[in-house]
Amino acid sequence: MAQPLVKKDDDRDEEADYSPFLGIEKGAVLQEARVFNDPQLDPRRCSQVITKLLYLLNQGESFTKVEATEVFFAVTKLFQSKDIGLRRMVYVMIKELSPSADEVIIVTSSLMKDMTSKTDMYRANAIRVLCRITDGTLLTQIERYLKQAIVDKNPVVASAALVSGIHLLQTNPEIVKRWSNEVQEAVQSRAALVQFHALALLHQIRQNDRLAVNKLVSSLTRGSARSPLAQCLLIRYTSQVIRESANNIQTGDRPFYDFLEGCLRHKAEMVIFEAARAITELNGVTSRELTPAITVLQLFLSSSKPVLRFAAVRTLNKVAMTHPTAVTNCNIDMESLISDQNRSIATLAITTLLKTGNESSVDRLMKQITNFMSDIADEFKIVVVEAIRSLCLKFPLKHRSLMNFLSNILREEGGFEYKKAIVDSIVILIRDIPEAKETGLLHLCEFIEDCEFTYLSTQILHFLGIEGPKTSDPSKYIRYIYNRVHLENATVRAGAVSTLAKFGAMVDALKPRIFVLLRRCLFDTDDEVRDRATLYLNTLGGDGAVVETGADVKEFLFGSLDIPLVNLENSLKNYEPSEKPFDINYVPKEVKTQPLAEKKAPGKKPAGLGAPPPGPPSTVDAYEKLLSSIPEFANFGKLFKSSAPVELTEAETEYAVNVVKHIFDGHVVFQYNCTNTIPEQLLENVTVIVDASEAEEFAEVASKPLRSLPYDSPGQTFVAFEKPEGVPAVGKFSNMLRFIVKEVDPSTGEAEEDGVEDEYQLEDLEVITADYILKVGVSNFRNAWESMGADFERVDEYGLGPRDSLAEAVNAVIDLLGMHPCEGTEVVPPNSRSHTCLLSGVYIGNVKVLVRLQFGLDGPKDVAMKLAVRSEDENVSDAIHEIVASG
Amino acid sequence: MLMAILVSNSAGNILLERFNGIPSEERLHWRTFLVKLGADNLKGARNEELFVASQKSVYIVYTVLGGVCIYIVGKDEYDELALTEVMFVITSSIKDACGKSPSERLFLDKYGKICLCLDEIVWQGILENTEKDRIRRLIGLKPPNPTEI
């Protein structure tokens, strides 16, 4: 903040004989408020005291409950005075004090008297005050007067009642909704403001009734609203009606468009702008519809009023996202806005130009932006950098000039966020535009020569290690990387050592030179740097000769770690130094579910260096690897399918357990993922006792207990069942967690030697037919369906009963079958009465299955479905029907 | 919703503030933000020259009137153009109450009257009156001229 934020009266030096409120103190003013109790009221003096009280309140001063009550009671005495000026002040003061429900009663009778007064202005003000302080019960008493007031011939009284209605609608909607006849009458008022307020209230009352809003808009658009404000409201409600009747677009007959277009010629700028904006926001707006709106917005661009320029450029910026060509006509006006004094306008103009510019104008634009960048704040610069990134991806041939621009601004002053945005952009361009790679990498290398942000330096070094060795001349980057080892802090030095080692591992010709450099790092002052250098020198092998680095060494050094880091960290913490070395194979691989609060916002695309490294191999591969590493399950054959985890405990219980069902041809393995959430406990020998009495075709063959389950470190235990080969056997299993529990001393973290055996009941688990179907998509369903032939086609019809919606019925059947929805047919358009959904999958035994589901609404809610199945085996087609029939 | 109306002197000291729908713990943030906005942009500004800014989904229109700076914050239907209208009503009513563009002293002298004007113009975040002559009459509890209706 440039100026100190102090209260006016604290600033005494300069203002000593200046402010009428000099030295004002709450205590003293409250004392003065006693004049309100004088038998002979002095209106002038009382008004002055109220002004002081208002001054205190308007400066953020607050009164305690007792103080407020005292002032309120004193103020109510002022109703005795007939002085008009004082009465007006009293109304304001009561509103500002907002008395509590038990105090309101004191003033109610005075206000009610004013509300029925012959003096119009008393009525208007009393209505406003009463509605501000009243609650529901009092409101029913005064409702009659309020309804009369809405149609009062004095516009001030009517407006007061209408605006009160707008406020009361939030708290007492059922009462205000009863006034719609009066409000409807007020909409026809000759007084401009009354019409404006009535229109707002009527729309709010009827906003959920589409037909009523439609009627309101239809009747008003035929006439004309009496004020620009009401006209703006009407335009907004009209766009709402257009949005909701979007079905007419196909016929080329957009309702009310002519009205909006007509408003573009209104005399008030506010109305013109509102209409232009409404047109640009129409769903599926055509260029013919857009043109007149863009033309008026273009005129606003050269207005002398900054507000109009801002409004126009902001709207055009939005239009440019969806209809860039429509905005190109404004480019010349927009270019002159780059030098606008208002930086918000200038930034919006630039980002719009970057969206609408064509390939030939890029260079000219960049020249203009260069001058502009030096005098805007970082937050605006980031917006520009992001726009330039998009432009470069749009016109890859222009990468040279755009990359140069980014590297130039990278050298200039700027904060971390701004620099990170630039670096992220360069990284994305390097990844997406192969021709930009070498220059981009060199720009990054130059940047780390003089980079004050450790985070960015290490990230760039990491990126260089991945991309640098793949370039035509990797050796040119070595100098920049090795400079870091001399000039930077330990974190960056360690990063540089790793990057050097990557070059050594990937480029055999460079290996001898890399070895020389790595050996120098052995004398670094920092442990981590020395350790890394030692590790790389010992594992890269070849003793510095030009030899190929083994694939296993590369994998060991630079491969992705398929263990969650948090699990590795926990296991290392739990490891007790002993003869037995730490074994990374014992680290649990189960990814712990993130608590909800820590989850990142969904849908945000990771970008640039902040993007996570390539994820671990797919879940199925990971499961397969995990199961094959367990000797008991090694001879089960190929894993057919692994289900999504099914929770067996409720959230926030002592032990969290979920299960993954692994389906083999002749076996099923349950993988129980367990987490101990009690810090004072260590669980050992954890098993799940499974009762399969309701799953007759299954016989337990093996169980693999979990040796130890410390606090907050997930682990797994397994139980395997044999089942008839190739048969989709189903059944229900009840589960009991059994373990030995040992107390842990929270201060030392050590567990007691003796433990107690204990059990914990888990939810039941079912194996269903859908577990035997793999979700496998097909690229062209129609082709697949026809080539499959109708030999084993089975068709039948089913009634699904009453459903909330068609979409709900479709999703239920997809979930039941566990198949892959094709061609986006899982999405049901809103308000549809029929829908076709296409599914594909592979049934156990590697049999391809295709399903065509046709849904229709039968009556208001009942859903009927026609199911057609084609597969390579008639038994499988029948099985699919059985699933649906029994589901 | 008109979320805030704030008047400060040229040094950034708050003279008057009215918030609607902004919790008290966030008010300091707004005060600081607005005063900084003024300090950055209003130096050397012409009298009643309008400035505009947007912060996320909120719009701000601000100006200099004599010796005081006025800031209005709005959102939703109170966008930059609606705020311009509100600003026009406020500045013309203040000039009307003070007889001219007010110095800081004059503004404070007419403080009570200005509070009444604001009370007529904005009611709990909703624009109520827009005509300065009408407002002048209303604060004196006089009905508006029939010609003004």
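Listing for the model above:
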{"quantity": "In degrees, nearest ten, helix A:475-487 long axis to first principal axis of chain A (Cα)", "calculated": "70"}
{"quantity": "Cα centre as origin, Lys/Arg/Asp/Glu Cβ charges: the protein assembly as shown dipole, Debye", "calculated": "6260"}
{"quantity": "Max mean-square fluctuation residue, GNM over chain B, Cα-Cα springs under 10 Å, options B:Thr130, B:Thr84, B:Thr32", "calculated": "B:Thr32"}
{"quantity": "Interface residues in region A:71-85 - accessible area drops by 40 Å² or more relative to the isolated chain, probe 1.4 Å", "calculated": "A:Ile84"}
{"quantity": "Chain A: angle of helix A:527-540 to the longest principal axis, Cα-based, in degrees nearest 10", "calculated": "40"}
{"quantity": "Sites A:Asp209 and A:Thr491, calculated FRET efficiency, Cβ-Cβ separation with R0 60 Å, nearest 0.05", "calculated": "0.40"}
{"quantity": "Summed residue charge, Cβ within 15 Å of A:Leu442's Cβ, Lys/Arg positive, Asp/Glu negative", "calculated": "-1"}
{"quantity": "Inter-chain shielding of B:13-19 (mean C-beta neighbours from other protein chains, 10 Å cut-off)", "calculated": "6"}
{"quantity": "Note, ³J(HN,Hα) from phi for region A:329-343, Karplus 6.51, -1.76, 1.60, rounded to Hz, x at Gly and Pro", "calculated": "4, 8, 4, 5, 5, 5, 5, 6, 7, 4, 9, 4, 4, 7, 5"}
{"quantity": "Choice from B:Ile72, B:Ile114, B:Ile126 with maximal GNM fluctuation in chain B (Cα, 10 Å cutoff)", "calculated": "B:Ile126"}
{"quantity": "Environment charge at A:Pro705 (Cβ cut-off 12 Å; Lys +1, Arg +1, Asp -1, Glu -1)", "calculated": "+1"}
{"quantity": "Solvent-accessible surface ranking, highest first, for A:Arg364, A:Arg88, A:Arg493, A:Arg782 at 1.4 angstrom", "calculated": "A:Arg782, A:Arg364, A:Arg493, A:Arg88"}
{"quantity": "Surrounding net charge for A:Leu297, when Lys and Arg each add one and Asp and Glu each subtract one, Cβ distance under 12 Å", "calculated": "+1"}
{"quantity": "For chain B, size of Cβ-based charge dipole, Lys and Arg +1, Asp and Glu -1, in debye", "calculated": "500"}
{"quantity": "Sites A:Leu572 and A:Asp691, calculated FRET efficiency, Cβ-Cβ separation with R0 35 Å, nearest 0.05", "calculated": "0.40"}
{"quantity": "Total charge dipole magnitude, region A:646-756, about the Cα centre, Cβ charges on Lys, Arg, Asp, Glu only, Debye to nearest 20", "calculated": "440"}
{"quantity": "Residues of region A:156-180 with amide N under 15 Å of the 7 Å Cα→Cβ point at A:Thr137", "calculated": "none"}
{"quantity": "Carbon/sulfur fraction of accessible area - chain B, other protein chains in place, 1.4 Å, %", "calculated": "48"}
{"quantity": "0 to 90° range, to nearest 10: angle between helix A:210-222 axis and chain A longest Cα axis", "calculated": "50"}
{"quantity": "Accessible surface of chain A [probe 1.4 Å, protein heavy atoms]: carbon and sulfur percent", "calculated": "50"}
{"quantity": "Interface size B-A, as summed buried accessible area [1.4 Å probe, Å², nearest 100]", "calculated": "5100"}
{"quantity": "Region A:396-533: radius of gyration and largest Cα-Cα distance (Dmax), Å", "calculated": "14.9, 47"}
{"quantity": "FRET efficiency for A:Arg519 and A:Leu561, using Cβ-Cβ distance with R0 set to 35 Å, rounded to 0.05", "calculated": "0.85"}
{"quantity": "Binned Cα-Cα distance frequencies in region A:48-96 - 10 Å width, integer %", "calculated": "24, 61, 15, 0"}
{"quantity": "Spatially proximal lysines relative to A:Lys113 (Cα-Cα < 19 Å; intrachain offsets below 8 disregarded)", "calculated": "A:Lys77, A:Lys82, A:Lys95, A:Lys147, B:Lys142"}
{"quantity": "Reciprocal mean inverse distance between Cα atoms of the protein assembly as shown - Kirkwood radius, Å", "calculated": "35.8"}
{"quantity": "Helix-derived mean residue ellipticity, 222 nm - over the protein assembly as shown, DSSP H n ≥ 4, -39500 (n - 2.57), to 500", "calculated": "-15500 deg cm²/dmol"}
{"quantity": "Three semi-axes of the equivalent ellipsoid, chain B, Cα gyration tensor, whole Å, largest first", "calculated": "23, 18, 14"}
{"quantity": "Among B:Val61, B:Val52, B:Val35: highest mean-square fluctuation, GNM of chain B, C-alpha pairs under 10 Å", "calculated": "B:Val52"}
{"quantity": "Range of Cα positions in region A:225-356 per principal axis (Å), largest first", "calculated": "42, 34, 18"}
{"quantity": "Peptide-level mean, for A:162-174, of C-beta atoms on other protein chains within 10 Å", "calculated": "1"}
{"quantity": "Per-residue ³J(HN,Hα) for region A:631-642, Karplus 6.51 cos²θ - 1.76 cosθ + 1.60, θ = phi - 60°, Hz, x for Gly and Pro", "calculated": "x, 4, 9, 4, 9, 7, x, 7, 5, 8, 7, 10"}
{"quantity": "Using θ = phi - 60° and Karplus 6.51 cos²θ - 1.76 cosθ + 1.60, couplings along region A:152-165 (whole Hz; Gly, Pro as x)", "calculated": "4, 6, 7, x, 5, 5, 4, 4, 4, 5, 5, 5, 4, x"}
{"quantity": "Relative contact order (percent, whole number), chain B, Cα cutoff 8 Å, 6+ residue spacing", "calculated": "22"}
{"quantity": "Cα-based Rg of region A:449-499 normalised by 2.2 N^0.38 Å, two decimals", "calculated": "1.04"}
{"quantity": "Convex hull per residue volume in Å³, alpha carbons only, for region A:470-558", "calculated": "84"}
{"quantity": "Length gained when the stretch A:Phe395-A:Asn811 is fully extended (0.36 nm per residue, less Cα-Cα span)", "calculated": "145.6 nm"}
{"quantity": "Accessible surface, region A:434-483, averaged per residue in Å² (probe 1.4 Å)", "calculated": "42"}
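The values are calculated or read from the model by the stated rules, or taken from the named source; none is laboratory data. Because the structure is predicted, anything quoted here is derived from the model rather than measured. Don't worry about glycine lacking a Cβ; one is built from the backbone with ideal geometry, like all the others, and counts go over all protein chains shown. Areas reflect the complete protein model, heavy atoms only, side chains present, ligands, DNA and RNA absent. Shrake-Rupley method; radii C 1.70, N 1.55, O 1.52, S 1.80 Å.
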